[in-house]
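Okay, so here's the structure we're looking at.
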Amino acid sequence: MLAETRIDRYLAAVRLVKTRPIASRLCEGGHVRVDGRTAKPSTRVRVGDRVEARIADRERIIEVVRVIEARVGAPVASTCYIDHLSLIHI
């Protein structure tokens, strides 16, 4: 099991974005933060890190539960993070 990976790889692997280049552009544009700090595409993420990302005009706040680098199917991808916004009930 991996201890850490790049944020651009992680966002693509867990299917929050379609491709790694898209994830890289989001980071370069200042739309991704890891533990409160603006993330570059090469920023490393580990289990327990909090990732905030503005993706397609939607704010996502997730907690890394499992580190992966390769894109996986949606059922597996959803087990790799906790989506904190979906836990908020209005």
How large is the Kirkwood hydrodynamic radius of region 30-90, counting all unique pairs of alpha carbons, in Å? 12.4
On full extension of the chain, what length is gained from residue 18 through residue 79, given 0.36 nm per residue of separation minus the C-alpha to C-alpha distance? 20.2 nm
Table column - 3J(HN,Hα) (Hz), region 15-23, Karplus curve with 6.51, -1.76, 1.60, x for Gly and Pro: 6, 7, 9, 6, 9, 5, x, 5, 4
Point-charge dipole on Cβ atoms (K/R +1, D/E -1) for region 1-71, about Cα centre, debye to 20: 180
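Each reported figure results from applying straightforward, stated rules to the coordinates on display, with no laboratory input. Everything numeric here is computed off the predicted structure, so don't read it as measured data. Backbone-built Cβ (ideal geometry, glycine too); neighbour counts: all protein chains shown.
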